[in-house]
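The values are calculated or read from the model by the stated rules, or taken from the named source; none is laboratory data. Fair warning: this is a prediction, and the values are worked out from it, not measured in the lab. For neighbour counting, all protein chains shown are included, and Cβ atoms are generated from backbone atoms with ideal geometry for every residue, glycine included.
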Amino acid sequence: MSDAIKTDVLIIGAGPCGLFAVFELGLLDMKAHLIDILDKVGGQCAELYPEKPIYDIPGIPTVSGQGLTDALMEQIKPFHPTFHLGEMVEKVERIGDPGFRVTTDDGKVFECKVVVIAAGGGSFQPKRPPVPGIEAYEGSSVFYSVRKMEQFRDKELLIVGGGDSALDWTLNLHPLAKRVTLLHRRDDFRAAPHSVEQMRALVASGKMDLKIGQVTELAGASGKLAGATIKHNDNSVTKIDCDTMLPFFGLTMKLGPVAEWGIELENNLVPVETSAFETSVPGIFAIGDINTYPGKLKLILCGFHEGALMAQKAHRYVYPEKRLVFQYTTSSSSLQKKLGVS
Ligand SMILES: Cc1cc2nc3c(=O)[nH]c(=O)nc-3n(C[C@H](O)[C@H](O)[C@H](O)COP(=O)(O)OP(=O)(O)OC[C@H]3O[C@@H](n4cnc5c(N)ncnc54)[C@H](O)[C@@H]3O)c2cc1C
């Protein structure tokens, strides 16, 4: 076992809420390490919708998922957080009062005063459609998320699904792609009505195709897709040419090891009190999508607020002897010094 890495606060999850927590903790002189299963920071914003706009971040009329991630990384630079990416937190044990030992699947061990669980929906994985042999095309012709739209320029796309992701990517990718076919198992969509209207207008003007049915077979070789067989609801079968398939069947959120950390859970979420977003274990906090309390909204702005209140209480565990004085960044020269702007 490696020597333990010592830090004030260990943040599990480097999504937007974990990232902003670094800022709030940093202003109060607490150092943080962050661990994330993904090989990059930004959580859902960077993994699921890097190029899509977010319109409800206070004071920022529009920003993409990746844009918000980049801005948060810039904002927390003065506090020099340390990232451990591509690692999953497996174990959280109490070793003091307060004090925790946290172990990753890579065997890394951390010792800290405070643990902040910012694990979102846990480890999220796309649901795979039940098409025989689809695994052979994953990563080369079949993709469950769109990281770079450019990748799909001039492609013959088969987009499968009837929710917002399927409709949004149909609308966003059709100007770039050679041809887009949207396939859904019935002619009734769960997506935003405006998106459905836009899609139907494109179909009516011959700019894309809509098919109703399900993929039963894929054709191709060496991971390169050449076409798909579609079974329609009247049991007729057609074949279409396509070189890329984007199935959007939703995500399975697997809570993962969080369930084994001795924290009370409620429907796979972590219940917290709302003065500091602390869990049933003193010194372990939960912020962002992973927590639950009356009135909870799974919005980034709520997770930011939770991080600010969490930091105030975390300060008591990290510096029990110090009194905390509330200060504004606008007027406090000491905060500005920490931010490197004075
Ligand atoms: C398509 C889409 C559009 C959205 N649009 C908006 C919007 O417009 N406005 C808005 O406010 N919200 C929006 N959201 C929701 C928003 O993205 C989430 O509320 C936000 O990402 C939650 O942030 P988080 O930091 O709590 O969790 P996440 O972003 O889920 O990040 C959690 C991170 O924790 C990691 N993790 C989990 N378990 C472990 C473990 N055991 N060890 C290590 N790492 C772990 C995960 O890999 C992940 O990176 C949208 C979501 C989607 C899917």
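General observations
- Under the condition of being exposed (fewer than 11 other Cβ atoms within 10 Å of the Cβ) and assigned to a helix (DSSP H, G or I), the residues counted in segment 299-332 number 0.
- Number of the condition not met by E266 [criteria: (1) surrounded by fewer than 15 Cβ atoms within 10 Å (Cβ to Cβ); (2) under 29 Å from the mean Cα position of the chain (by Cα); (3) away from the ligand (no atom under 16 Å from the Cβ); (4) at pLDDT 95 or above]: (4)
- Index of the failed condition, D56 passing every other in (1) acidic (D, E); (2) closer than 18 Å to L301 by Cα; (3) touching a strand residue (DSSP E or B) at 6+ places or on another chain (Cβ under 6 Å): (3)
- Checklist (1) assigned by TED's automatic domain parsing to the domain that holds A308; (2) farther than 24 Å from G163 by Cα applied to N267, failing item: (2)
- One residue stands out in segment 291-330 among those that are within 15 Å of the ligand (Cβ to nearest atom) and β-branched (V, I, T): the one that is nearest to F277 (Cα to Cα), namely T292.
- Residue that is nearest to the ligand (Cβ to nearest atom) [pool: residues in segment 88-143 that are assigned to a strand (DSSP E or B) and of a type in the set (G, A, S)]: S123
- Single match in L48, L27 (criterion: surrounded by fewer than 24 Cβ atoms within 10 Å (Cβ to Cβ) and within 6 Å of the ligand (Cβ to nearest atom)): L48
- Any hit, segment 35-42, residues being part of a strand (DSSP E or B), free of Cβ contacts under 8 Å to residues at least 24 places away in the same chain and within 12 Å of the ligand (Cβ to nearest atom): no
- Counting the residues of segment 162-176 that are part of a loop (DSSP other than H, G, I, E, B) and either of a type in the set (S, T, N, Q) or buried (at least 21 other Cβ atoms within 10 Å of the Cβ) (or both) gives 1.
- Residue check for K296: closer than 25 Å to Y49 by Cβ and in a loop (DSSP other than H, G, I, E, B): yes
- Members of segment 43-74 found to be assigned to a helix (DSSP H, G or I) and either touching a His at 6+ places or on another chain (Cβ under 6 Å) or within 25 Å of L255 (Cβ to Cβ) (or both), listed by number: G43, Q44, C45, A46, E47, G65, L68, T69, L72
- Entirely in segment 211-265, the strands (runs of 3 or more DSSP E) that have 3 or more residues that are more than 30 Å from I287 (Cα to Cα): 214-221, 224-231, 237-241, 244-247
- Any chance E87 is surrounded by fewer than 20 Cβ atoms within 10 Å (Cβ to Cβ) and touching an Asp or Glu at 6+ places or on another chain (Cβ under 7 Å): yes
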